[in-house]
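Participant: One structure coming up, written as structure tokens, with questions to follow.
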Amino acid sequence: MRLHEGVVALVTGAASGIGRASAGQFAREGARAVVVVDIDETGGREVAAEIARSGCEALFLRVDVSDAAAVAALVEHVADRFGRLDCAHNNAGISEPPVPFHELGEASWQRMLALNLSSVFWCMQAEIRQMLRQPLVRGRRGVIVNTSSGAGIVPALGQAHYTAAKHGVLGLTKCAAAEYVSAGIRTNAICPGLTDTRMVREFLAASPPGVAEAVRRTVPGG
Ligand code: NAD
């Protein structure tokens, strides 16, 4: 049996990069349906079409994950359409070019927290509410995986807001993991190292000279 045989999976930020790879992997591992969530309509539709061509049901939904009401409606829609939500990968996120801690503006702080931390909270709340309503399958009601970052563990220099948000994602993950494991909901986070995606390319292109080289030096393989 494949790892995700028959599951209904939802992946946020699935139009690109890590989320796109995750959505495709759910399909390859036997998912019954994959819900591709993103604000990028072109990329999202492309990923959903790719998944549908592989024989797995795919649905693209354009949702801004920082909008709590829209996220609640999203999960309700998935439950109405597919009957349950087995796996959720809360992955959507943004980065910004490095700024010294003391110069970080309020708008930038608020935006980062809304998109990289509150968004994960809204998604988890809606997903947990749905998972608690659904019956156990193979001893489990559901699985949640949040994308944190290496910056969830160590500081990313010039990115106090990103670092704080990603540390926060680990906090939310630990709370939910402890609170709902006995109800059959498993919650984990991943902390990717540097991964060649659109986010990283845009980050390096917008960063001051020398940052790309400094970042590259943090990757042992270059
Ligand atoms: P990416 O830019 O390729 O993908 C991010 C996706 O999120 C995009 O498709 C974007 O449209 C979507 N998105 C952004 N804001 C959204 C919103 N409000 N609502 C819905 N979708 C939204 O970047 P990626 O590198 O694949 O990043 C995915 C996750 O991995 C992020 O949370 C990022 O912080 C994390 N991460 C990335 C790296 C890396 O090196 N690439 C390392 C550690 C953690």
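Participant: What are the DSSP H helices in the chain that stretch 20 Å or more along their long axis, judged by alpha-carbon atoms, and whose average Kyte-Doolittle hydropathy comes to at least -1.0?
Facilitator: Those that pass (Cα extent of 20 Å or more, hydropathy at least -1.0) are 68-82, 119-133, 160-180.
Participant: Another question about this same structure. Starting from 0.36 nm per residue, how many nanometres of slack lie between A206 and D80 once their C-alpha separation is accounted for?
Facilitator: 41.1 nm
Participant: A follow-up question, please. Is it possible to state the helix-based mean residue ellipticity at 222 nm for the chain, with each DSSP H run of 4+ residues giving -39500 (n - 2.57), the sum divided by total residues, to the nearest 500 deg cm²/dmol? What is it?
Facilitator: Details: 8 runs with 100 residues, N = 222.
Only helices count here, giving -14000 deg cm²/dmol.
Participant: How far apart, in nanometres, would the label points at Q25 and A177 be if each is projected 7 angstrom from Cα along the Cα-to-Cβ direction?
Facilitator: In this crude label model, Q25 to A177 measures out at 1.7 nm.
Participant: Further question: How much of the pair distance distribution for region 1-154 lies past 21 Å, counting alpha-carbon pairs only, in percent? Don't skip to the answer; put the middle values down first.
Facilitator: Details: 5176 of 11781 pairs.
In whole percent, the long-distance tail amounts to 44.
Participant: May I ask you to compute the full-extension gain from R45 to F101, defined as 0.36 nm times their residue separation minus their alpha-carbon distance, rounded to one decimal in nm?
Facilitator: On the way: separation 56, 0.36 × 56 = 20.16 nm, distance 3.77 nm.
That pair, R45 and F101, stretches by 16.4 nm at full extension.
Participant: Where does each of L170, L10 land when they are ranked from fewest to most other beta-carbon atoms within 10 angstrom?
Facilitator: Arranged by neighbour count, lowest to highest, L170, L10 become L170, L10.
Participant: Where the centre of each part is set by its Cα atoms, how far does region 64-98 sit from region 148-219, in angstrom?
Facilitator: Each part's Cα centre sits 19 Å from the other's.
Quick note: the coordinates plus some simple rules give every number you see, no bench work behind them. What you are looking at is a predicted structure, and each value in this text was computed from that prediction instead of being measured. Note: ideal-geometry Cβ built from the backbone for every residue, glycine included; neighbour counts use all protein chains shown.
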